[in-house]
Amino acid sequence: MSYQTFDLSLEGHIAHLQLSRPEKYNSLNQAFWREFPEAISALDGAAKARALVISGKGKHFSAGMDLEVFSKPDPDMFNGEAGRRAEAMRRLVMQLQTCLSVLEEVRMPVMTAIQGGCIGGALDMVCASDMRYCTEDAYFVIKETELGMTADLGTLQRLPQLISSGLARELAFSARKLPAREACSAGLVNQVFADQHEMLSGVMEIAQRIAIQSPLAVTGSKQMINYSRDPSMADSLNYMATWQAGMLQPTDMMQTFAAKMAGKPPEFEPLRAIKPPLSDN
């Protein structure tokens, strides 16, 4: 089966999914969010793959959510009666979360091989994988903060379980780049390779070693490690979706985009001052 946004192959019990829009920096467009969970679930259902490697063609692993998704929002998300608008937003966020949570739910181990930028929604994806590897030029960014929104597809829930809470907070609050070597020393990635060719060769070698093991033992190990880590992960993602339903508004995002086009820093309205309850002032 062919896909618009990635290539998928299976060889020797190892599946390889390559994001295939390098001219768009492998950004995650609307087609990706339909195709990706279907392809991953189909792999799991067929039970022929014992390991899955995800990589990206071109200079960058992925620039995250395609800007077309932001530039052409569903009008129902920001218009209409407040309660119904919030319910629709919450449902959308949960649907997108599920598209990436599938990586945790499938029985096979998932390995991500990252070169260049791993930005925004792409970081949500790799945080949901079992193992991460990267090249010397790789970097990771929680871009959503810089765009005037809160990352909502799993990074804020999973990243603090992969690196220290303090570093995760710094990255989320500042939107700074986390370079490859720092990511490795922090525990986000297992190993740093010189270039993409060396990385893919090394990751495939690890995948092959996994693929020759008992698939029952491997999936059992994955399930037990995940269970010991996050019996409340579903609750955390649910809470994130509920927050976005009430808090994700276009004002700050539009201010960010307008400022970037004008080449100046954005100016945001401050949060409201906290007052005593039922105060007249």
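The values are calculated or read from the model by the stated rules, or taken from the named source; none is laboratory data. All figures in this text were calculated on a predicted structure; none of them were measured in a lab. Positions of Cβ are backbone-derived with ideal geometry, glycine not excepted, and every protein chain shown enters the neighbour counts.
A few comments on the model shown:
- Odd one out for Trp33 among (1) at pLDDT 95 or above; (2) aromatic (Phe, Trp, Tyr); (3) crowded, with 18+ Cβ neighbours inside 10 Å: (1)
- All told, Leu159 meets the bar of being closer than 17 Å to Asn238 by Cα, buried (at least 23 other Cβ atoms within 10 Å of the Cβ) and in contact (Cβ under 8 Å) with a residue 12 or more places away in the chain.
- For region 162-173, filtered to residues that are of a type in the set (Gly, Ala, Ser) and out of contact with any Gly (no Cβ under 9 Å at 6 or more places or on another chain), the residue that is surrounded by the most Cβ atoms within 10 Å (Cβ to Cβ) is Ala168.
- Figure legend. Inter-residue proximity from region 65-94: first residues on the phi < 0 side of the Ramachandran plot and acidic (Asp, Glu), second residues at pLDDT below 75 and part of a helix (DSSP H, G or I), beta-carbon distance below 8 Å, spacing 6+ or different chains. Indicated pairs: Glu87/Ala245.
- Count of region 134-150 residues, restricted to those that are touching a Ser or Thr at 6+ places or on another chain (Cβ under 7 Å) and of a type outside the set (D, E, K, R), is 3.
- Arg132 surrounded by 24 or more Cβ atoms within 10 Å (Cβ to Cβ), among the basic types (Lys, Arg) and in contact with a helix residue (DSSP H, G or I) (Cβ under 7 Å, 6 or more places away or on another chain): yes
Residues checked against (1) farther than 27 Å from Asp66 by Cα; (2) crowded, with 21+ Cβ neighbours inside 10 Å; (3) touching a Gly at 6+ places or on another chain (Cβ under 7 Å); (4) in contact (Cβ under 8 Å) with a residue 40 or more places away in the chain:
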site: Phe140; (1), (2), (3), (4): no, yes, no, yes
site: Gly154; (1), (2), (3), (4): no, yes, no, yes
site: Ala175; (1), (2), (3), (4): no, no, no, no
site: Asn190; (1), (2), (3), (4): yes, no, no, yes
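- If you go through region 6-24 and pick out every residue that is in contact with a strand residue (DSSP E or B) (Cβ under 7 Å, 6 or more places away or on another chain) and either part of a helix (DSSP H, G or I) or within 18 Å of Gly121 (Cβ to Cβ) (or both), you end up with 5.
- Top-ranked residue in region 1-37 [being under 16 Å from Glu68 (Cβ atoms) and of a type in the set (Phe, Trp, Tyr); ranked as farthest from the chain's Cα centre (by Cα)]: Tyr25
- When Thr150, Thr145 are checked against the criterion of being of a type outside the set (Lys, Arg), in contact (Cβ under 8 Å) with a residue 40 or more places away in the chain and within 24 Å of Val93 (Cα to Cα), Thr150 stands alone in meeting it.
- Screening region 77-192 for helices (runs of 4 or more DSSP H) wholly inside it with 1 or more residues that are more than 25 Å from Ser228 (Cβ to Cβ) returns the ranges 82-105, 121-127, 165-174, 180-186.
- Every condition in (1) of a type outside the set (A, V, I, L, M, F, W, C); (2) in contact (Cβ under 8 Å) with a residue 12 or more places away in the chain; (3) under 20 Å from Gly116 (Cα atoms); (4) out of contact with any Cys (no Cβ under 9 Å at 6 or more places or on another chain) is met by Glu182 except one, and the failing one is (2).
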